[in-house]
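Chemist: Below are the C-alpha cells for one structure; questions will follow.
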Amino acid sequence: MQSIDLATAPLREMNATLQAQAAQTNATQWEILNPRGAHAIAVGLDAPIEVTVRGSTGYYCAGMNKQATVHVTGSAGPGVAENMMSGTVIIDGDASQYAGATGRGGLLVIRGNASSRCGISMKGIDIVVQGNIGHMSAFMAQAGNLVVCGDAGEALGDSLYEARLFVRGKVKSLGADCIEKEMRAEHLEILRDLLARAEVDARPEEFRRYGSARKLYNFDIDNAAAY
Amino acid sequence: MNEHDRTIPQTAPIQSATFSNAVTAEIRRAAATGIYDIRGGGAKRRVPHFDDLLFLGASISRYPLEGYREKCGTNVTLGTRFAKNPIELDIPITIAGMSFGALSAQAKEALGRGASAAGTSTTTGDGGMTPEERTHSTKLVYQYLPSRYGMNPDDLRRADAIEVVVGQGAKPGGGGMLLGQKISDRVAEMRTLPKGIDQRSACRHPDWTGPDDLEIKILELREITGWQVPIYVKVGGTRPYYDTALAVKAGADVVVLDGMQGGTAATQDVFIENVGLPTLACIRPAVRALQDMGLHREVQLVVSGGIRSGADVAKALALGADAVSIGTAAMVALGDNDPKWEAEYQKLGTTAGAYDDWHEGRDPAGITTQDPELAARLDPIEGGRRLRNYLKVMTLEAQTIARACGHNHLHNLEPEDLCALTMEAAAMTQVPLAGTDWYPGKPGSDY
C-alpha cells in the first residue's frame, strides 16, 4: 500500500499523485494519513484505485469522483462526494451537509448520520445512509436512489423530480410535491441490491418509498402555493 | 346646451401615466392567465447608461494618435492571478454565457465560430458543454452553475476557464427556468430531466453558501483542474463593492459583473425590471474594491449588461474594466429580432425589435429555439461570420476613440477621458458633469 502523509505532503501533491494514476496502474491501494479535516481530499480521481483516508475530512472529499473507491474512516465535512460520477465512497462516521450533492453515479455509503440537504439535486447517484438524515434532503433530486435506514428530517424530497427515496424510520415531513408511493416488486429489488452493495443488514420490506407527485412539473396557478 | 353637442370643444381623452396602456394590458393578461409574465432579455426600462457619458478627446493638453497609422493595442490577458494558463484574448470583448437549451445548437456553434475568428472567448450556460461549442470555440469558458446540469470533471478539464456563477444582472438572487416547450430529447438528456417539463434552476449553489464556502469550492475546482485554468466568479449587479471584494477574497482570478440590462433566457418581467443595478452604477464600486485590495489589473474585471458598440466598450474600460462581455448584442448580430421576420413576429403578437418570448421556443430567427425547422434557419457559418464582423467593428470603434484620446492601448483609457451628461451618471461614475470639474459626492464639495 502506498501512503501519503498530509502532515508533510501538500494537498496539491496528494491530489496530483492520485489523479495521475492510470486505469492500468499497479498501485491500486493508497492510504492518506493525517487528513486533519483538510478540504478537497482525493478530488477528481479517475482510476479504479482504492484510497483509505485515515481520519476525518473537511469539505468536498472525493468530489467528482470517477471509478475510485474512497473510504474515510472518520467523518466527512460538507459536500462529500459532490457530483460523483462513478465509483464508491464510504464514510464510517457522519457526513455534514450536502452529502452526495448533484451526484450522477456511483454509490455513497454513510455509516453514521447525514446532515441537511443530503442528496440535494442528485442526478443518478445512489446514497445509502445507515443513520438519520437532516432537513431538506433530496431537494430537487432528479434521479438516483436515496436509502435512509433511520429517520428523515423536515421537507424530505421538496420539489423533487424522478429520484426514488426509501426511508425505514420516521419522516418528520414531506416537502412540496413529495408523496409516499406504492412499494412494488421492482422497488424492493432495487432496495435489496443497494442494501447488499452497501453491506447494510436491513430488510427491504421495512422501508417506505417516496417520490414526486409530478404536480409541479408544469406551472399551474392552482398549485401556486406550493411553488 | 347639450354636453354631447359635437359642436362644443370636448375634453381630450387623457391616458394615465400611472395606468398606461401597457400597464393595464398587463393587468388584464395577469387576470386572464394567473401567471406572471415571463420573458427573455434584460431590463428595458430607461436607466442611466453609457449613453450618458462622452469622451473628451485630445486637444492642446493631450495629443491624439494617428488613426489607422499608430498602434492601439486591444489584447487582454484574463486570469493572471493564480492560473498556470491565463486566457490570452486579442480583443477585450467576450461572449457571455448562454446555454444550449436556451439557444439552438446552431446558435451555439455560430457564437463559437464568430468569437474564435475574432480572437476571443465564448461561454457555456446552464446546460453543460456541447461538442459543437467546444469544437468551434478556441477559448471556451465553462460555467459552474447552481443547477450543475451537465456538470462533469471531463468537461471541466476541457475548459479554458471556469466561471462560478453566483448571479446574473437580469435576476440577481433568482434562479433560472426553461419552460417545457424547449426541453427536447437532447436538452432533457443533458439535464437529466424528463422531456417537456418546466425546468427550474436553483438560485443558490447546492453545496456552498457564503464567501468562506466559496473559497473552499474554488480550491476544490482548482485541485480537480490542477490549477491550470483561471476561475472567474460572476455576480449580478447589486452590491458591487462588497461582492467584488468577497469574490477576490475567495480566490477569484477574474470577476464578472453583470448589470440589470444583461439578458436572461427566461425570467419574470417583474424581476428583470425591478431588481438589480444599472451596469453603469456597478463599475466604479467594483474597481474601487479592487484598488482598495491592491489588485486592480491583477484580478481582472469583466463587465456586461447592455454593451452595444465600441463606444460602450471604451467607456467601460475607461471606468476601469479590463474587458466586457456581450450576450444580447451577439444574438442580434446572429439575426435575432431581424425585421426580415416581421410577418412571423406579427403572428406571435409582437414586432421585430421587441420580440422577447425566447422561452417559448418559437423564435422566427431560429436562435432561441429547439425546434429543428426553426433552428435550421440559422446557418452557423454565416452567423459566425456576422458575429466576427460585429466584434471587429466594435474593436475598431473602441480603437478610434482611444486614439482620439491619445492612448496606444484600450487599457490606457481612464476616467479622466470622460465627462457625464447627467447628474445621475456623474454620481454613479464619479465622472465630472460636462463643463464642470464636479460630480455629486465629490470629496471636498458640499453636495
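The values are calculated or read from the model by the stated rules, or taken from the named source; none is laboratory data. This one's a predicted model, so the numbers in the text were calculated from it and none came from an experiment. Neighbour counts run over all protein chains shown; Cβ positions are idealised from the backbone, glycine included.
Chemist: When you scan the stretch A:57-66, do you find a residue that is at pLDDT 95 or above, surrounded by fewer than 22 Cβ atoms within 10 Å (Cβ to Cβ), assigned to a loop (DSSP other than H, G, I, E, B) and more than 10 Å from chain B (Cβ to nearest Cβ), even just one?
Modeler: There is no residue in the stretch A:57-66 that is at pLDDT 95 or above, surrounded by fewer than 22 Cβ atoms within 10 Å (Cβ to Cβ), assigned to a loop (DSSP other than H, G, I, E, B) and more than 10 Å from chain B (Cβ to nearest Cβ).
Chemist: Which numbered condition in (1) within 14 Å of chain A (Cβ to nearest Cβ); (2) not in a loop (DSSP other than H, G, I, E, B); (3) not aliphatic (A, V, I, L, M) is the only one that B:TYR242 fails?
Modeler: That leaves (1) as the condition not met.
Chemist: Turning to a different aspect of this structure: Which count do you get for residues in the stretch A:81-112 that are outside any strand (DSSP E or B) and either within 19 Å of B:ASP154 (Cα to Cα) or facing chain B (nearest Cβ under 8 Å) (or both)?
Modeler: Adding up the residues that qualify gives 16.
Chemist: What number of residues within the stretch B:210-236 satisfy the criterion of being more than 9 Å from every other protein chain (Cβ to nearest Cβ) and polar (S, T, N, Q)?
Modeler: Final tally of qualifying residues: 1.
Chemist: Hand me the list of helices (runs of 4 or more DSSP H) wholly inside the stretch B:115-200 holding 2 or more residues that are in contact with a strand residue (DSSP E or B) (Cβ under 8 Å, 6 or more places away or on another chain), over 30 Å from B:LEU396 (Cβ atoms) and at pLDDT 95 or above. Don't jump to the end; show me each part of the working.
Modeler: Details: elements: B:131-136, B:153-158, B:185-191.
Qualifying helices (runs of 4 or more DSSP H): B:153-158.
Chemist: Another question, then. Which residue is farthest from the other protein chains (Cβ to nearest Cβ), if the candidates are limited to the stretch B:147-181 and must be more than 20 Å from A:SER121 (Cβ to Cβ) and buried (at least 19 other Cβ atoms within 10 Å of the Cβ)?
Modeler: B:GLY169
Chemist: Please go through the stretch B:68-81 and pick out each residue that is assigned to a loop (DSSP other than H, G, I, E, B) and either of a type in the set (S, T, N, Q) or surrounded by fewer than 16 Cβ atoms within 10 Å (Cβ to Cβ) (or both).
Modeler: Matches in the stretch B:68-81: B:TYR68, B:ARG69, B:GLU70, B:LYS71, B:THR74, B:ASN75, B:THR80.
Chemist: Oh, and also: Taking the condition of being more than 20 Å from the chain's Cα centre (by Cα) and either among the hydrophobic types (A, V, I, L, M, F, W, C) or within 14 Å of another protein chain (Cβ to nearest Cβ) (or both), how many residues in the stretch A:158-183 meet it?
Modeler: 4
Chemist: Something else now. I need the full set of residues from the stretch B:390-432 which are in contact (Cβ under 8 Å) with a residue 12 or more places away in the chain, surrounded by fewer than 22 Cβ atoms within 10 Å (Cβ to Cβ), within 16 Å of B:GLY310 (Cβ to Cβ) and polar (S, T, N, Q), in order please.
Modeler: Selection gives B:THR400 alone.
Chemist: Oh, and also: Restricting the search to the stretch A:36-56, which residues are surrounded by fewer than 24 Cβ atoms within 10 Å (Cβ to Cβ), within 14 Å of another protein chain (Cβ to nearest Cβ) and touching a Leu at 6+ places or on another chain (Cβ under 7 Å)?
Modeler: If the condition is that a residue be surrounded by fewer than 24 Cβ atoms within 10 Å (Cβ to Cβ), within 14 Å of another protein chain (Cβ to nearest Cβ) and touching a Leu at 6+ places or on another chain (Cβ under 7 Å), then A:ALA38, A:HIS39 are the ones that fit.
Chemist: From B:ILE216, B:ILE197, which residue is farther than 30 Å from A:GLY44 by Cα and β-branched (Val, Ile, Thr)?
Modeler: Every option except B:ILE197 fails the conditions.
Chemist: Regarding the stretch A:119-131, can at least one residue be identified that is more than 14 Å from chain B (Cβ to nearest Cβ) and surrounded by fewer than 24 Cβ atoms within 10 Å (Cβ to Cβ)?
Modeler: There is at least one residue in the stretch A:119-131 that is more than 14 Å from chain B (Cβ to nearest Cβ) and surrounded by fewer than 24 Cβ atoms within 10 Å (Cβ to Cβ).
Chemist: Determine which member of the set A:ALA138, A:ALA143, A:ALA152 is more than 10 Å from chain B (Cβ to nearest Cβ) and within 17 Å of B:ARG191 (Cα to Cα).
Modeler: A:ALA138
The rows are residues; the columns are (1) in contact with a Gly (Cβ under 8 Å, 6 or more places away or on another chain); (2) more than 30 Å from B:LEU374 (Cα to Cα).
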{"position": "B:ARG148", "(1), (2)": "no, no"}
{"position": "B:VAL164", "(1), (2)": "no, yes"}
{"position": "B:PRO172", "(1), (2)": "yes, yes"}
{"position": "B:PRO211", "(1), (2)": "no, yes"}
{"position": "B:ARG239", "(1), (2)": "no, yes"}
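Chemist: Shifting gears a bit: Are any residues in the stretch A:178-196 touching a strand residue (DSSP E or B) at 6+ places or on another chain (Cβ under 6 Å) and of a type outside the set (A, V, I, L, M, F, W, C), and if so, which ones?
Modeler: Listed by number, the residues that qualify are A:GLU180, A:LYS181, A:HIS187.
Chemist: Counting just the residues of the stretch B:186-240 that are touching a Pro at 6+ places or on another chain (Cβ under 8 Å) and acidic (Asp, Glu), which one comes out nearest to A:GLY79 (Cα to Cα)?
Modeler: The selected residue is B:ASP207.
Chemist: Among (1) hydroxyl-bearing (Ser, Thr, Tyr); (2) surrounded by 14 or more Cβ atoms within 10 Å (Cβ to Cβ); (3) without any contact (Cβ under 8 Å) to a residue 40 or more places away in the chain, which single condition is B:TYR36 missing?
Modeler: (3)
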